[in-house]
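Computed from the coordinates by the stated procedures, all read-outs in this text should not be read as laboratory data. Fair warning: this is a prediction, and the values are worked out from it, not measured in the lab. A quick note on method: Cβ atoms are made from the backbone with ideal geometry, for glycine too, and the neighbour counts reach across all protein chains shown.
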Amino acid sequence: MSAIGSALVVHAIFEWLALAIGAQIYRRTSARSELATTDSRQRLLLLFGAVLGAATGNKLAFLIYDPQILDAGLFGRNIIVGGQSIVGGLLGGLLGVELTKRLTGFKSSTGDAFVVPILVGIIIGRIGCFIAGLQDGTFGNATMLPWGYDFGDGIPRHPTQIYDQLFALTLLVVLARLRPTVRVVPGLEFKLMLAAYLAWRLAVDSIKPKPFLYPLHMSGIQLVCVVALVLYLPLLMSALGKLRRIRSAAGPAPAGAPAFAERGAK
């Protein structure tokens, strides 16, 4: 097998590993969340909706990122084997879960149970992206910074896969600290995670190659992030407003008592 083929196989292994581990974490976190009151079949349907939506979304977002790939045929090797987009997967997964909830009549918020699985999945999956190197297309532009990495073409580049891992890890830690507070409003933790990751990708993708330019010198992924943020931020602000109202209604905690966030955690 060629070096290119080996890199793509390793990449695929890490992608499936990320999905498998993420699914197991979801199974555990959902059992401890509001989803615990639902039967396992309904939780499985929500997971299936998320995976199916993510699989569709990541391909569509990749086509927006590089519409020229259509010249090689929609079902060509580049779009089947490659053609992944975490941003598209997140947004597609969100829509897949919401559609599944409508079809099954499920009313409760489900997003918070997906936060840790998604971020852990990003951290694992990006290992495969880094190993695949130039074949994956997730590397950054050339840089003179001391941590620039040569993926095989003799040019030190931003290791943006590692940047993404570090951001996901930071987000895991920050959200873990905020969890007792934000879980007072179901779904708020997921909204914070998604908005933060979209904003991060809008920024970090400015130092990545752009095979197709959109207005304002944006890549397709950046364009998707902007549209998603415009549509999603009002929902986030509404949830934050609800949190403020709950905290105001509760008033200050008595001296020596646990903070409101800890008492109201779910």
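Couple of notes before you dig in:
- Nearby lysines by direct alpha-carbon distance to LYS191 (threshold 22 angstrom, same-chain neighbours under 8 apart not counted): LYS101, LYS107, LYS242, LYS266
- Inter-label distance, nm, simple model (7 Å from Cα along the C-beta direction), GLN24/VAL9: 2.3 nm
- Nearest-0.05 FRET efficiency for ILE207 and LEU235, computed from C-beta distance (R0 30 Å): 0.55
- Considering segment 66-216, its Cα convex hull presents a mean projected area of 11.5 nm².
- Point-to-point label distance, ARG244-GLN68, nm (Cα→Cβ direction, 7 Å offset): 4.6 nm
- Percentage, to the nearest whole number, of Cα pairs in segment 176-252 over 16 Å apart: 57 percent
- For the peptides 15-24, 53-62, 110-119, the ranking by mean Cβ contacts within 10 Å, running from highest to lowest, is 110-119, 53-62, 15-24.
- Virtual spin-label span in nm between ARG177 and ILE155, 7 Å along Cα→Cβ: 3.8 nm
- Computed on the Cα trace of segment 139-222, the radius of gyration divided by the Kirkwood hydrodynamic radius gives Rg/Rh = 1.09.
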